[in-house]
Amino acid sequence: MRGAAAISSRHHWTTEDVDPRQALAYWVDTVCRSFLEIDIDSPEPGAFQARLDSVPFGSGSLYLVQAQTQSVRRTPANISRGQGAWTILMQIREGQQHFRQHGRECTLRAGDVAVVDCTAPYQLDCQGPTRSLVLRFPHDWLSAWLPSPQTAACRLFSAGNGWGGALSAALAGLEGCVESDLSLPAGTVSDQLAGLVALASGPVAQAARPTDQLYRRLHDSLRERCLESDLAPAELAASQGISRRYLHLLFGRAGTTFGGELMRLRLEAAHRLLSDPRCDAVTVMDVAARCGFAEPSHFARRFRRAYGLGPLEFRKRRALAAT
């Protein structure tokens, strides 16, 4: 489950007030401490300039990165030192970058989008000054939508027509959110972005094995029906023409359980409702019922365990943070 709910806070780092001789070292330390453990080089370290702005975004974080020419590497050593497993959704807003990962490579220009698998090494060469919008999520953010999310890494999603264009347009609209709030809960928006990535990825990111494809159908059905308070594993299994025992086996092979996934999806739905000021007239009891919880007390315990605050306290903290 996700950790304690983060109260909205924005951060800003820049090399402007740093001794130019220390600017690159400061940048490396800033990025590794606040963003991701990586190695960074620049052909002009004595004249390097960069800035990083960040804001919490649902279960992840939203960053706006501006920097001069730099080469970024994520090595096995970086991965072993890092905390947590992440997936990055990155859009180039200005400039050009060359990206290599999983034996693939692509060149990204303004408006283009790529997925970065932070559990594997990669190299990103920023060819001249660049400005990028970066969304960092827990690794399972995309695995809930794609059976093989690593196959979407280092695939170019171009601005223009089709689902890649829709993904590009959606990300472009987020740039101003580093400075202002969204009109929808960030968790809701991040779910929509994950869905767009899955659509833009197309058949290349679909599971090859029949059992993976069956699990994907099971999980999609569970997502659609998770708010049914009486949903049982036998009923979901029957809808796919398999036994309850085989259903549990498939969830186990995916590293989870039917009950665990059902609870996660219900809690995420409740978190979205409680994060949305437009739903403040909906009581916590009604939120619990809408999200498939038969007992409000059970809902409150589970929500506190997942987000660090009870649902009522979570809503009050969110309201206070907005004033």
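Name the residue that is modelled with the lowest pLDDT, counting only residues in the stretch 106-143 that are crowded, with 17+ Cβ neighbours inside 10 Å and not in a strand (DSSP E or B).
Ranking the candidates gives Ser143 first.
Would a scan of the stretch 283-298 turn up a residue that is within 21 Å of Asp140 (Cα to Cα), surrounded by fewer than 19 Cβ atoms within 10 Å (Cβ to Cβ) and modelled with pLDDT of 90 or more?
For the stretch 283-298, residues within 21 Å of Asp140 (Cα to Cα), surrounded by fewer than 19 Cβ atoms within 10 Å (Cβ to Cβ) and modelled with pLDDT of 90 or more: absent.
I want to confirm something. Restricting to the stretch 267-288 and keeping residues that are outside any helix (DSSP H, G or I) and of a type in the set (A, V, I, L, M, F, W, C), which single residue is nearest to Ser229 (Cα to Cα)?
Val282
Name the residue that is modelled with the lowest pLDDT, counting only residues in the stretch 32-48 that are of a type outside the set (A, V, I, L, M), under 30 Å from Leu193 (Cβ atoms) and not in a helix (DSSP H, G or I).
Phe35
Among the residues of the stretch 89-103, what is the count of those that are surrounded by 13 or more Cβ atoms within 10 Å (Cβ to Cβ) and over 13 Å from Phe157 (Cβ atoms)?
Looking only at that region, the number is 9.
Within the stretch 289-308, which residues are part of a helix (DSSP H, G or I) and farther than 21 Å from Leu184 by Cβ?
Ala289, Pro296, Ser297, His298, Phe299, Ala300, Arg301, Arg302, Arg304, Arg305
Out of (1) in a helix (DSSP H, G or I); (2) buried (at least 16 other Cβ atoms within 10 Å of the Cβ); (3) among the charged types (D, E, K, R), the odd one out for Asp29 is which?
It fails just one condition, (2).
Restricting the search to the stretch 66-83, which residues are under 22 Å from the mean Cα position of the chain (by Cα), crowded, with 16+ Cβ neighbours inside 10 Å and either polar (S, T, N, Q) or not assigned by TED's automatic domain parsing to the domain that holds Ser34 (or both)?
Gln66, Asn78, listed by residue number.
The values are calculated or read from the model by the stated rules, or taken from the named source; none is laboratory data. Please read all numbers here as calculations on a predicted model, not as lab measurements. Positions of Cβ are backbone-derived with ideal geometry, glycine not excepted, and every protein chain shown enters the neighbour counts.
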